[in-house]
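Engineer: Please find one structure pasted underneath; my questions will follow.
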Amino acid sequence: MSHCSWNLLPPVKVLPEKDSNSSYAPLLIQLLHNRGVSRPEDIAAFLASDSSLSADPLLFDDMQKAVTRISQALLKGETIGIYGDFDADGITATALLVQGLGLLQGKAIPYIPHRQTEGHGMTSTVLKKLHEQGVSLVISVDCGVTDVAEVKRATDMGLDIIITDHHSPLDEIPEALAVINPKLEGSKYPHTNLSGVGVAFKLLQGLFRSLGKEEQINIVTDLVAIGTIADMSSPLGENRFLIKEGLKNINSNPRPGIKELINQTRLEAGKIDADRISWVIAPCLNAAGRLADGLTGYNLLMTEDEEEAAELAIWLTGKNEERQRLTTTTLARAREQVIAMGLPPLLITADREYPMGIAGLVAGRLTEEFYRPSVVIHTADTVCHGSCRSIPEFDIIAALNKFSRYFSRYGGHAAAAGFTMPTKDLPQLEQELSAMAAEKLAGVELRPHLNIDAEVKLNELGGDTYPTTQILAPFGHGNPVPTFVSRGVEVIDKRTMGNSNEHLRMKLRQAGAVWDCVAFRLGNHQGEFAPRIDIVYNLEVDNWGGRNQLRLNILDFKRSG
């Protein structure tokens with residue numbers, strides 16, 4: 001039996017018309033169709049990945065009000081506070097607005113909250129402090145849309161607030177001067193999947209366009225790419241254009257901090273792609289906010305001094321290594337707890353020893369392994385902090401909305417959320433949330449789903465197959481790496497690898513073609529092999545030892561027949 005539920009997507013029945021200047025390979029058409037890109041005009045825009053994918057910032061209802069107020073602040077020389085967040089999305093968004101307003105000789109000062117002591121979102125204490133420092137206008141990035149009371153207190157003390165955010169709003173919207181969020185009910189903005197830094201970029205774009213200086217903001221697209229990828233926002237629509245533009249900047253002229261981070265992590269300059277940002281650069285930026293102060297990551301992005309950049313990059317890579325060790329030990333502890341519970345439909349585990357900064361990572365790993373919504377909670381005597389990750393069948397923010405009476409703060413979206421609440425109420429929340437999940441997920445097969453793009457034989461994978469799949473890059477949620485299934489392949493060699501033998505390295509053969517393969521985290525399933533197996537996999541390049549050789553990345557397998 002396979003470890004996941006396999007879903008072979010149906011073949012395209014009618015190929016789109018080809019214009020006189022282009023022709024599309026059948027495999028490319030199938031891959032695009034599987035990602036919802038079928039019309040000839042949509043295919044052309046997707047493949048071009050140019051500014052035609054970018055929408056007019058004035059489609060946001062409050063954009064003109066925001067641009068007018070910022071323009072007034074620039075003319076009067078007002079001090080503008082940029083209120084960010086401690087993750088890579090929030091850090092890059094903060095840097096983007098501070099740098100962007102600096103290009104217009106604006107005076108902008110950043111504020112990055114501390115994860116452990118302040119948490120996500122704006123607080124009245126900080127807003128009051130900014131006001132006392134002479135700030136008259138505060139622009140939030142990657143936060144603010146749920147901070148109704150905080151915005152009210154701020155406006156009462158004379159602060160103007162502009163909110164830029166991409167998180168799901170509550171029923172009540174803060175009474176700010178302007179709220180820029182593509183997820184607002186009734187929003188005319190067509191791209192709802194923007195990250196926090198993406199929304200901040202649209203505000204900056206609207207401002208620069210009003211001044212006739214829009215071409216100048218290309219300098220900050222590197223920040224948009226990093227934040228969008230780090231936030232795992234879907235690389236479709238406008239995000240596709242923004243990521244590609246940002247990657248061009250990173251590879252042609254990286255800012256000093258990113259250049260040093262590339263050096264410290266031994267990446268190859270000029271060959272940075274979405275995967276390298278997702279797995280290497282973004283975790284280093286996130287490590288600052290997870291274990292210490294997110295302001296360090298911001299400083300790395302903003303410094304022009306090469307010596308300072310090197311010092312910050314060394315510190316961040318060290319923190320990321322510490323984060324990796326903590327994640328491994330905490331995950332082992334959390335995993336034992338949820339297995340001891342019998343793996344209920346909703347996994348909830350709470351402990352004083354869980355570091356707040358990595359609770360979300362651990363929740364994500366539990367959800368990935370067991371295909372259940374997961375809640376990992378750091379507890380203390382009076383207050384606890386929870387991080388949630390979920391599956392498509394269970395909207396976690398909708399669930400939290402039902403129990404908002406328990407939370408002092410909460411927010412997020414369908415797949416990821418967080419909350420702060422009194423510890424004394426935690427047992428009741430666990431009971432009610434678990435009951436809701438059990439009811440909602442009753443009858444649902446709690447196994448990961450693998451959508452498969454096409455069925456092929458191993459001898460058909462040569463030639464243009466891999467280059468064709470790479471036309472779709474960058475990949476991510478909504479645009480996954482193309483996945484194939486091959487049936488009845490012969491196992492001619494297999495062995496475990498890795499420190500704990502959790503991975504497999506194999507050689508497989510079909511119709512005379514022999515392929516090297518790797519299967520991550522499937523080492524404990526090698527007893528399930530048969531002489532012939534069916535496999536689901538991606539094509540990837542193995543760079544080990546500078547070989548640059550194609551191999552199969554096995555996602556799942558089962559005995560043939």
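Engineer: For residues that are in contact with a helix residue (DSSP H, G or I) (Cβ under 9 Å, 6 or more places away or on another chain), of a type in the set (A, V, I, L, M, F, W, C) and more than 16 Å from Ala359 (Cβ to Cβ), tally how many sit in segment 372-425.
Structural biologist: Counting residues in segment 372-425 that are in contact with a helix residue (DSSP H, G or I) (Cβ under 9 Å, 6 or more places away or on another chain), of a type in the set (A, V, I, L, M, F, W, C) and more than 16 Å from Ala359 (Cβ to Cβ) gives 5.
Engineer: I've got another one for you. Can you give me the ranges of the helices (runs of 4 or more DSSP H) entirely in segment 204-295 with at least 1 residues that are without any contact (Cβ under 8 Å) to a residue 40 or more places away in the chain and farther than 17 Å from Ala310 by Cα? So that I can check it myself, show each step before the final result.
Structural biologist: Numbers: elements: 221-230, 238-252, 256-264, 282-291.
Of the helices (runs of 4 or more DSSP H) lying wholly inside segment 204-295, those with at least 1 residues that are without any contact (Cβ under 8 Å) to a residue 40 or more places away in the chain and farther than 17 Å from Ala310 by Cα span 221-230, 238-252.
Engineer: Sticking with this one: Where residues in segment 379-389 are without any contact (Cβ under 8 Å) to a residue 60 or more places away in the chain, crowded, with 19+ Cβ neighbours inside 10 Å and not charged (D, E, K, R), which of them is farthest from Ser408 (Cα to Cα)?
Structural biologist: Only one residue fits best here, namely Cys388.
Engineer: Here's another thing I want to ask about it. Under 6 Å between Cβ atoms, at least 6 apart or on separate chains: pull out the pairs that start in segment 345-359 with a residue that is within 21 Å of Ala88 (Cβ to Cβ) and end on any residue that is basic (Lys, Arg) and crowded, with 21+ Cβ neighbours inside 10 Å.
Structural biologist: Gly357/Arg115; Gly357/Arg290; Ile358/Arg290
Engineer: Considering only segment 64-123, state which residues are touching a Leu at 6+ places or on another chain (Cβ under 9 Å), small (Gly, Ala, Ser) and farther than 18 Å from Thr228 by Cα.
Structural biologist: Ala66, Ser71, Ala73, Gly81, Gly106, Ala108
Engineer: Which residue is surrounded by the fewest Cβ atoms within 10 Å (Cβ to Cβ), if the candidates are limited to segment 471-489 and must be part of a strand (DSSP E or B) and modelled with pLDDT of 95 or more? Explain how you work it out, then say what you get.
Structural biologist: The initial filter retains those residues of segment 471-489 that are part of a strand (DSSP E or B), namely 476, 479, 484-489.
If we keep only those that are modelled with pLDDT of 95 or more as well, we get 484-489.
Values: Phe484: 24, Val485: 18, Ser486: 23, Arg487: 15, Gly488: 13, Val489: 24.
Looking at residues that are part of a strand (DSSP E or B) and modelled with pLDDT of 95 or more, I get Gly488.
Listed here are the residues, each with its yes/no results for (1) under 18 Å from His120 (Cα atoms); (2) among the aromatic types (Phe, Trp, Tyr); (3) not in a helix (DSSP H, G or I).
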site	(1), (2), (3)
Thr330	no, no, no
Gly342	no, no, yes
Ala359	yes, no, no
Thr367	no, no, no
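Engineer: Another question, if that's okay. Suppose we filter segment 325-378 for residues that are of a type in the set (Lys, Arg), farther than 20 Å from Asn499 by Cβ and buried (at least 17 other Cβ atoms within 10 Å of the Cβ); how many remain? If you could, list the steps in order and put the result at the bottom.
Structural biologist: Going residue by residue through segment 325-378, those that are of a type in the set (Lys, Arg) are 325, 333, 335, 352, 365, 372.
In the following step, the residues that additionally are farther than 20 Å from Asn499 by Cβ were identified as 352, 372.
Among the residues that remain, those that are also buried (at least 17 other Cβ atoms within 10 Å of the Cβ) are: 372.
Summing the residues that are of a type in the set (Lys, Arg), farther than 20 Å from Asn499 by Cβ and buried (at least 17 other Cβ atoms within 10 Å of the Cβ) in segment 325-378 gives 1.
Engineer: Can you pull out the residues in segment 99-126 that are of a type in the set (A, V, I, L, M), surrounded by fewer than 24 Cβ atoms within 10 Å (Cβ to Cβ) and touching a Phe, Trp or Tyr at 6+ places or on another chain (Cβ under 9 Å)? Don't jump to the end; show me each part of the working.
Structural biologist: First, pick out the residues of segment 99-126 that are of a type in the set (A, V, I, L, M): 101, 103-104, 108-109, 112, 122, 126.
Next, from what is left, pick out any that are surrounded by fewer than 24 Cβ atoms within 10 Å (Cβ to Cβ): 101, 103-104, 108-109, 126.
If the condition is that a residue be of a type in the set (A, V, I, L, M), surrounded by fewer than 24 Cβ atoms within 10 Å (Cβ to Cβ) and touching a Phe, Trp or Tyr at 6+ places or on another chain (Cβ under 9 Å), then Leu103, Leu104, Val126 are the ones that fit.
Engineer: Quick one: what pairs do we get from segment 465-485, first residue under 11 Å from Asp453 (Cβ atoms), second of a type in the set (Asp, Glu) and surrounded by fewer than 18 Cβ atoms within 10 Å (Cβ to Cβ), C-beta under 9 Å, 6+ apart or different chains?
Structural biologist: Pairs found: Val481/Glu540; Phe484/Glu455; Val485/Glu455.
Engineer: For segment 426-451, give me the residue count where each residue is surrounded by 13 or more Cβ atoms within 10 Å (Cβ to Cβ) and in contact with a helix residue (DSSP H, G or I) (Cβ under 9 Å, 6 or more places away or on another chain).
Structural biologist: Residues that pass the stated criteria total 10.
Engineer: Which of the residues spanning segment 52-79 are over 14 Å from Ala178 (Cα atoms) and within 28 Å of the chain's Cα centre (by Cα)?
Structural biologist: Within segment 52-79, Ser52, Leu53, Ser54, Ala55, Asp56 meet the criteria.
Engineer: With in contact with a Cys (Cβ under 7 Å, 6 or more places away or on another chain) and at pLDDT 95 or above as the only criterion, which of Val362, Val375 stands out?
Structural biologist: Matching residue, one of Val362, Val375: Val375.
Engineer: Inspect all residues belonging to segment 413-425 and state whether any of them is out of contact with any Lys or Arg (no Cβ under 9 Å at 6 or more places or on another chain), over 13 Å from Ile377 (Cβ atoms) and either of a type in the set (S, T, N, Q) or exposed (fewer than 15 other Cβ atoms within 10 Å of the Cβ) (or both).
Structural biologist: Looking for residues that are out of contact with any Lys or Arg (no Cβ under 9 Å at 6 or more places or on another chain), over 13 Å from Ile377 (Cβ atoms) and either of a type in the set (S, T, N, Q) or exposed (fewer than 15 other Cβ atoms within 10 Å of the Cβ) (or both), one finds at least one in segment 413-425, hence yes.
The values are calculated or read from the model by the stated rules, or taken from the named source; none is laboratory data. It should be emphasised that the depicted structure is a prediction, and the values quoted were computed from it without experimental measurement. Positions of Cβ are generated from backbone atoms using ideal geometry, with glycine treated the same way; all protein chains shown enter the neighbour counts.
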